[in-house]
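Everything on this sheet refers to the single structure shown next.
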Amino acid sequence: MSINIKNIMLFGIVLFCFDSLFKLEISGFQLQAGVFFLFLFSVIYFVFNARKFINVLMKDKSGMLIILCLFSYSFFAVDIGVYFRLVVCFVLSYLFFVLFCCLKNEIDLYKISKYCLLLLIFTGFFQYALTHLLGVQFTFAGVASDYYSRLFGLRMRGFFLEPNWYGLVLAQWFGLFLYLSQIKKNSVPWVITITTFTCLVLCDSRLAVFLSFVYFGYYIFLNKMSNLFKILPSPKLILLFFIITFMVLSSSTFRDVVTKDRTAIARTIPLERTVSYMVDNFTLLDWTLGKGFSNWAEYSGKYNITPSHSFIERPPTARDNSELYVYFFELGLVGIILVIYELTRLRPRKREDQLIYILFISTFVFALFYPLYTFVFYILPFSIARSILINNGNENV
């Protein structure tokens, strides 16, 4: 039975690496083959292993609090259909996390991470070679080929819809592979390291490159700097640091330096308009609870908070260029407290889990700069990292 589960999980997870190549649109929802396969397997597995499922839920305090919080916001949803489609994203991600918790002794995560990393590298070079040598652009979701050339140029993206998602997933599988190699005391082949960084540079995701250097640097110096983690700041200070960095990069003075940087501008204007709207219109209750989960698009379109966000140009489930202000706008201080609790609770007690914790918190760093929420269930390394931290007994509160 365990061999079958290993093969089933390997097959299902590998499908994620093909992303949009194996994706169908059903009633406005993009259904990816790997997501469907893993969801179906999860349901079947939990039907026959309900006790394991319940045990994980009882153990995961912060996860259950987030679930209860999101479900309670259904009463404040402007559009229940939009709310349902957005809450499904979290439910899927959480379902995969529980599955990994339950299968901790029945799957080979090292083998899975190595296969996924190699497949992402191969598909990246395959797409990049076709684009540069033959001028062929893979098109997905009904998007015209000139859209990719205009918006993303000739950047590497594999079979993903856009380069930043490819870079994010590649970086996290690389981080997970480094951690599992450390646990198994296996050396990391230099060809994998070099080709991974080459792909990250070619996809031009600066944050993915930076965080991959963090993963690799920590992996290299972990044994020689055993006390490094003791001098690292707390998760709350780490989160505060990135928030301050984000605010500085989005400030009006800094914007003068990057007026030609489309990425910086795309975050600066919505941030300023969001803060302005909140200061002028938020009541004490709004600051505490936010405007309600899934309601961002309603207010953004109605009050023109985001220049590119109208109900004609973007769907009502769209987030924005950063989850930071969208999350605060929708969930208020309650949401921020939940994130801080999550980061604090899972801070590792064991030295060998320090690298996987860095990978875990890096997902929140990505969320400061990308609209990560509707993509979170695709980021399996995040769900795996969280399951490892839970299974290894790192809960602090």
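Assuming a ≥ b ≥ c are the square roots of the Cα gyration tensor eigenvalues, decide whether the range 332-387 counts as rounded (a/c under 1.5), prolate (otherwise, with a/b larger than b/c) or oblate.
It is oblate, given that a/c is not under 1.5 and a/b is not larger than b/c.
Per the Kirkwood treatment, what hydrodynamic radius in Å, one decimal, follows for the range 1-75 from the mean inverse distance over all distinct Cα pairs?
14.7 Å
Please give the length that would be gained between residue 198 and residue 286 if that part of the chain were fully extended, namely 0.36 nm times their separation in residues minus their C-alpha to C-alpha distance (nm, one decimal).
Gain on stretching residue 198 to residue 286: 27.2 nm.
Which of the peptides 8-15, 46-53, 366-373 is most tightly packed, and how do the rest follow, going by the mean number of other Cβ atoms within 10 Å of each residue?
366-373, 8-15, 46-53
For the pair residue 47 and residue 91, how long in nm is the line joining their label points, each one 7 Å along Cα→Cβ?
So the label points at residue 47 and residue 91 sit 1.7 nm apart.
Neighbour counts of other C-beta atoms within 10 Å: give me 283, 195, 131 arranged from fewest to most.
283, 195, 131
Need the full-extension length gain, residue 154 to residue 275, defined as separation in residues times 0.36 nm minus the C-alpha distance. One decimal, nm.
Between residue 154 and residue 275, full extension yields 40.1 nm more.
Work out the FRET efficiency for residue 191 and residue 21 from their Cβ-Cβ distance, taking R0 = 25 Å, and round it to the nearest 0.05.
The value I calculate is 0.50.
Neighbouring Cβ atoms within 10 Å as the yardstick, rank 349, 386, 157 fewest first.
Ordered by Cβ neighbours within 10 Å, fewest first: 349, 386, 157.
What does the extension gain come out to for residue 30 and residue 84, with contour length at 0.36 nm per residue minus their alpha carbon separation?
Going from the current span to full extension adds 18.0 nm.
Any idea how far apart residue 134 and residue 213 come out in nm if each label point goes 7 Å out from Cα toward Cβ?
Distance between the two pseudo-spin positions: 3.5 nm.
What fraction of the Cα pairs in the range 1-145, stated in percent, has a spacing above 17 angstrom?
For the range 1-145, the share of Cα pairs beyond 17 Å comes to 70 percent.
Evaluate Rg over Rh across the range 89-139, taking Cα atoms for both radii and Kirkwood's formula for Rh.
We get a ratio of 1.22 for the range 89-139.
Values in this text are rule-based calculations from the coordinates and carry no lab data. All of these numbers come straight from a predicted model, not from anything done at the bench. Please note: Cβ atoms are built from the backbone with ideal geometry, for glycine as well, and neighbour counts cover all protein chains shown.
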